[in-house]
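Chemist: Just dropping this structure here.
The values are calculated or read from the model by the stated rules, or taken from the named source; none is laboratory data. As the structure is a prediction and not an experimental result, all values here were calculated from the model. Don't worry about glycine lacking a Cβ; one is built from the backbone with ideal geometry, like all the others, and counts go over all protein chains shown.
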Amino acid sequence: MLKIGIILGSTREGRVSPQVGEWVKKIADGRGDATYEIIDIAKFKLPLLGEPGGDASGVGEWSASVASCDGFVFIVSEYNHSISGALKNALDFLREEWNNKAAGIVSYGSVGGARAAEHLRGILGELLVADVRVHPALSLFTDFENGTVFKPKEVQNQSVNDMLDQLIPWSTALKTIRK
Ligand SMILES: Cc1cc2nc3c(=O)[nH]c(=O)nc-3n(C[C@H](O)[C@H](O)[C@H](O)COP(=O)(O)O)c2cc1C
């Protein structure tokens with residue numbers, strides 16, 4: 001069975017990424033085509049990469065979590081037209097753990113988090129992660145109440161399934177070239 005990590009890409013207090021991640025996991029679990037696991041980057045309390053004096057005790061667990069996955073769904077919020085600093089820092093910590101795997105992106109923001117998602121695609125290219133085309137983009141105005149309570153439009157469920165329909169075969173294929 002493939003293992004797909006659903007990575008929560010924000011860490012701030014009051015963040016909405018756990019609501020979005022749980023929704024994706026529920027849809028994904030209903031498919032029966034992989035083991036889906038939420039990976040919350042906040043849990044690892046990563047220091048800033050390379051900063052002296054930081055507590056790096058969570059880095060090993062972060063590395064093992066990513067290494068154990070065959071593919072990923074990134075839950076991405078838009079911060080100043082890009083991904084959060086926390087997600088960028090977490091991505092930067094690892095290298096081989098990402099290589100030759102596939103990913104889908106689920107983003108949210110005022111315009112669906114589209115600008116953050118496109119930035120993430122560039123970063124994933126450098127990490128040898130193959131990102132699939134279908135991209136569920138959630139609006140803070142129409143898929144959330146007051147920008148905080150997640151109430152996705154029905155059509156978004158199909159979008160998540162369409163994204164996973166691309167992610168699973170790519171994750172399967174790339175597994176064959178990893179050592
Ligand atoms: C520092 C910061 C910058 C933001 N910049 C943008 C932005 O450029 N575009 C946008 O659509 N939303 C922006 N937002 C709104 C966030 O997308 C929204 O608050 C979202 O809920 C953040 O994700 P989170 O709740 O998981 O942390 C910004 C929020 C923060 C905190």
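Yes/no matrix, rows are residues, columns are (1) over 26 Å from Lys175 (Cα atoms); (2) crowded, with 20+ Cβ neighbours inside 10 Å; (3) within 16 Å of the ligand (Cβ to nearest atom):
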position	(1), (2), (3)
Glu22	no, no, yes
Gly30	no, no, no
Thr35	no, no, no
Leu48	yes, no, no
Pro52	yes, no, no
Asp55	yes, no, no
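Chemist: Being in contact with a strand residue (DSSP E or B) (Cβ under 9 Å, 6 or more places away or on another chain), small (Gly, Ala, Ser), surrounded by 17 or more Cβ atoms within 10 Å (Cβ to Cβ) and farther than 18 Å from Ile39 by Cα is true for just one of Gly109, Gly104. Which residue is that? Talk me through it step by step, then tell me what you get.
Modeler: Working: Gly104 fails: farther than 18 Å from Ile39 by Cα.
Only one candidate passes the filter, namely Gly109.
One line per residue, one yes/no per condition, for (1) out of contact with any Pro (no Cβ under 6 Å at 6 or more places or on another chain); (2) within 14 Å of the ligand (Cβ to nearest atom); (3) of a type in the set (Gly, Ala, Ser); (4) closer than 26 Å to Ile177 by Cβ:
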position: His119; (1), (2), (3), (4): yes, yes, no, no
position: Ile123; (1), (2), (3), (4): yes, no, no, yes
position: Glu126; (1), (2), (3), (4): yes, no, no, yes
position: Val134; (1), (2), (3), (4): yes, no, no, yes
position: Leu138; (1), (2), (3), (4): yes, yes, no, no
position: Thr142; (1), (2), (3), (4): yes, yes, no, no
position: Val155; (1), (2), (3), (4): yes, no, no, no
position: Ser159; (1), (2), (3), (4): no, no, yes, no
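Chemist: On to the next question. Filter segment 100-134 down to residues that are under 22 Å from Trp23 (Cα atoms) and in a loop (DSSP other than H, G, I, E, B), then give me how many there are.
Modeler: So the answer is 7.
Chemist: Can I ask one more? If I ask for residues that are farther than 17 Å from Leu167 by Cα and either modelled with pLDDT under 95 or of a type in the set (S, T, N, Q) (or both), which ones from segment 57-80 would you list?
Modeler: Those that are farther than 17 Å from Leu167 by Cα and either modelled with pLDDT under 95 or of a type in the set (S, T, N, Q) (or both): Ser57, Ser63, Ser65, Ser77, Asn80.
Chemist: Yes or no: segment 59-73 includes at least one residue that is within 15 Å of the ligand (Cβ to nearest atom), assigned to a helix (DSSP H, G or I) and aliphatic (A, V, I, L, M). Don't jump to the end; show me each part of the working.
Modeler: If we filter segment 59-73 for residues that are within 15 Å of the ligand (Cβ to nearest atom), which is where we start, we get 73.
Next, from what is left, pick out any that are assigned to a helix (DSSP H, G or I): none.
For segment 59-73, residues within 15 Å of the ligand (Cβ to nearest atom), assigned to a helix (DSSP H, G or I) and aliphatic (A, V, I, L, M): absent.
Chemist: Also, quick follow-up: Among (1) assigned to a strand (DSSP E or B); (2) more than 16 Å from the ligand (Cβ to nearest atom), which single condition is Ile6 missing?
Modeler: Failing condition for Ile6: (2).
Chemist: Related question: Which condition number in (1) farther than 19 Å from Ile27 by Cα; (2) modelled with pLDDT of 95 or more is the one that Lys179 fails?
Modeler: Evaluating Lys179 over (1) farther than 19 Å from Ile27 by Cα; (2) modelled with pLDDT of 95 or more leaves (2) as the failure.
Chemist: Can you confirm whether segment 89-99 contains a residue that is within 19 Å of Leu140 (Cβ to Cβ), among the aliphatic types (A, V, I, L, M) and assigned to a helix (DSSP H, G or I)?
Modeler: Quick first cut of segment 89-99, residues within 19 Å of Leu140 (Cβ to Cβ) only: none.
No: zero hits.
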